[in-house]
Each structure stands twice: as C-alpha cells, then as structure tokens.
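S.K.: Structure in structure tokens, see below.
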Amino acid sequence: AIDARMTAKLKGTRLFDLLRRSLASYGLHFTDWQIATFYTALQTKGFVILSGISGTGKTKLAQHFAALLPQPTTAERAGQNWLFVSVRPDWRDSKSMLGYYNPLTGTYVWTPFLRFLLRAERSYRAKDGLAWFIVLDEMNLAHVEYYFADLLSVLESGRDEEGWTREPLRLDYPDEAEGNLPPRELCLPPNLYIVGTVNVDETTRAFSPKVLDRAFTLELTDADFGDYPPTFDES
C-alpha cells in the first residue's frame with residue numbers, strides 16, 4: 001500500500017515523468033518504484049550497488065541516467081560525465097584504482113579512475129553544477145574490501161559544511177619525485193556518485209558488512225518479457 005501511494009505521488013511530478021520517458025526512449029523499461037528508489041539512493045547515499053541477474057539493465061540504468069544530465073563543455077573537463085570501469089578478478093589493492101609511483105621509471109602511473117576524480121574535483125570547485133558518475137561493472141569479481149578500501153574509509157568519514165569528505169585520499173610518492181604527479185591528498189566532492197553492478201554466482205565474491213553499511217543496495221531481480229523486443233518512444 002505504501003509503494004502504491006508513493007508511486008501515485010511520483011507519477012504526478014514532472015521530474016519523474018521526464019526520467020521514465022527518457023529511459024524508455026533508450027528502450028529501457030523499469031518499474032516506477034525502481035526508478036524512484038535509484039534516484040533517491042543517489043541523493044541520500046551517493047554510493048549505490050545494483051544487484052541482479054544478467055540482462056536486467058543494471059549497467060544501462062546507471063549509464064543512461066548519467067547521460068540524461070548536463071554534460072561538460074569546457075576544454076578542461078571535456079568528455080562524458082561518467083566513467084565505466086571494468087573490475088578485474090586480480091585486483092588486490094588500491095593501485096588498480098588510484099595508481100602508484102613506479103620507482104624504476106621515477107614516474108607516477110595514473111589510472112582513468114584517478115583522472116576522473118580530479119575532473120570531478122575541478123568541476124565542483126568551478127561550481128559548474130555538473131554531476132559525475134563512476135560505474136564499477138561487476139564490482140564483486142574481486143574483493144571489494146581490497147581494491148576499494150581507501151575509498152570506503154573516506155566515504156565513511158562524513159562530509160563537511162561544503163560537502164567535501166572530511167578525510168582525503170592519500171597518494172604516496174617520494175618528495176624528490178618529478179613529472180606529472182597527482183595531489184598528495186584528494187577529498188571527494190559531493191558531485192561524485194559511485195554506482196556498482198554485481199551478479200551473484202559462483203564466480204563472484206560476497207560482500208562484507210563493511211561494504212553494505214556504506215552503500216545503498218537495490219535489487220533488480222525481475223525481467224518482464226511481455227514487451228520484448230522493447231518498443232522505443234520516438235519523442
């Protein structure tokens with residue numbers, strides 16, 4: 001009954017109708033409750049885990065939701081406002097996400113994830129009003145507590161009055177290092193949203209309470225084949 005009342009209320013809002021029509025234009029059909037829950041979870045947590053069987057549209061929901069929002073236009077932050085990251089089973093530590101200093105070459109090895117964090121940080125400092133999304137595909141192929149540990153701790157530190165995380169990511173490299181170096185400390189801005197997709201089968205890892213405590217989990221378990229192949233809304 002509560003779900004029915006909430007859905008009826010949401011149907012009367014312009015924002016909800018816009019989201020539903022826009023997703024339908026891509027051939028994506030989700031229930032009213034799924035759309036409303038995903039949007040609300042992003043607003044309240046900023047870290048959302050989409051769980052379900054393959055083919056339920058977990059990754060597409062995150063990608064197209066980000067694509068519906070305003071995109072960066074300046075040369076400094078040109079490109080999409082979302083980053084797709086394929087998690088690998090051999091990820092053992094945060095180097096896979098945040099990069100590392102290579103003492104043999106004397107340079108810092110950057111990752112697309114780290115470059116994207118800096119784009120989001122510069123965007124928030126510029127007050128351009130953009131939202132930035134990181135999509136971690138199949139995030140439980142490796143132990144999340146290993147490769148995502150630093151970010152989990154930072155997300156748990158809370159936010160200050162301006163929205164920054166109270167604790168920063170700390171990137172280590174020698175004082176004498178030269179070249180293209182990231183900042184030693186990087187706080188996460190409030191315009192950054194992280195969405196992880198997971199499948200639950202024999203090839204994946206279970207989540208620990210530490211991860212589940214910091215995220216909002218939404219299960220997409222039902223597949224409606226009544227309208228397959230999907231119809232597209234030309235408008």
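S.K.: What percent does the relative contact order of segment 90-138 come to when contacts are Cα pairs within less than 8 Å and at least six residues apart?
M.R.: In percent, rounded to a whole number, it is 22.
S.K.: Roughly what % of DSSP beta bridges within segment 83-171 run antiparallel, to the nearest 5?
M.R.: 50
S.K.: Whole number please: convex hull volume per residue of the Cα set in segment 124-212, in Å³? Present the calculation step by step, with values, prior to reporting the outcome.
M.R.: Working: hull volume 12.4 nm³, N = 89.
Once divided by residue count, the hull of segment 124-212 is 139 Å³.
S.K.: Follow-up. Whole number in Å², please: accessible area per residue of segment 74-170, 1.4 Å probe, ligands, DNA and RNA not counted.
M.R.: Here the per-residue accessible area is 49 Å².
S.K.: I would also like to ask the following. Provide the net charge surrounding Thr44, with neighbours chosen by a C-beta distance below 13 Å and charges set as Lys +1, Arg +1, Asp -1, Glu -1.
M.R.: +3
S.K.: Shifting gears a bit: Give me the net charge of Thr197's neighbourhood, meaning all other residues with Cβ under 12 Å from the Cβ of Thr197; Lys, Arg count +1, Asp, Glu -1.
M.R.: -1
S.K.: Per residue and in Å³, how big is the convex hull formed by the alpha-carbon atoms of segment 77-229? Present the calculation step by step, with values, prior to reporting the outcome.
M.R.: Details: hull volume 25.6 nm³, N = 153.
Given the Cα convex hull of segment 77-229, per-residue volume reads 167 Å³.
S.K.: Same structure, new question: Considering only the other residues whose Cβ falls under 14 Å of the Cβ of Phe65, what net charge follows from Lys and Arg at +1 and Asp and Glu at -1?
M.R.: That works out to +4.
S.K.: Sort all Cα-Cα distances of segment 59-143 into consecutive 5 angstrom bins from zero, then give the percent of pairs in each bin up to the one containing the longest distance.
M.R.: P(r) over segment 59-143, rounded to whole percents: 3, 13, 20, 20, 18, 14, 9, 3, 1.
S.K.: Further question on the same structure: So, R0 is 25 Å and r is the distance between the beta-carbons of Lys45 and Ala206; what FRET efficiency does that work out to, to 0.05?
M.R.: Details: r = 20 Å, r/R0 = 0.81.
That gives a FRET efficiency of 0.75.
S.K.: Put a dot 7 Å past each Cα toward the Cβ at Ala24 and Thr107; how far apart are the dots in nm?
M.R.: Between Thr107 and Ala24, the simple spin-label model gives 5.1 nm.
S.K.: On to the next question. What figure, in Å² to the nearest 10, do you get for the accessible area of Arg21 with a 1.4 Å probe and non-protein molecules left out?
M.R.: Here the accessible area works out near 120 Å².
S.K.: Measure off, as a whole percent, the carbon and sulfur share of the 1.4 Å-probe accessible area of segment 45-156, all protein chains present.
M.R.: Ligands and nucleic acids excluded, carbon and sulfur give 54 percent.
The values are calculated or read from the model by the stated rules, or taken from the named source; none is laboratory data. None of these values were measured; they are calculated from a predicted model. Cβ coordinates were reconstructed from backbone atoms using ideal geometry, including for glycine residues, and neighbour counts include every protein chain displayed. The accessibility values were calculated without ligands, DNA or RNA, using every heavy atom of the protein model including side chains. Shrake-Rupley method; radii C 1.70, N 1.55, O 1.52, S 1.80 Å.
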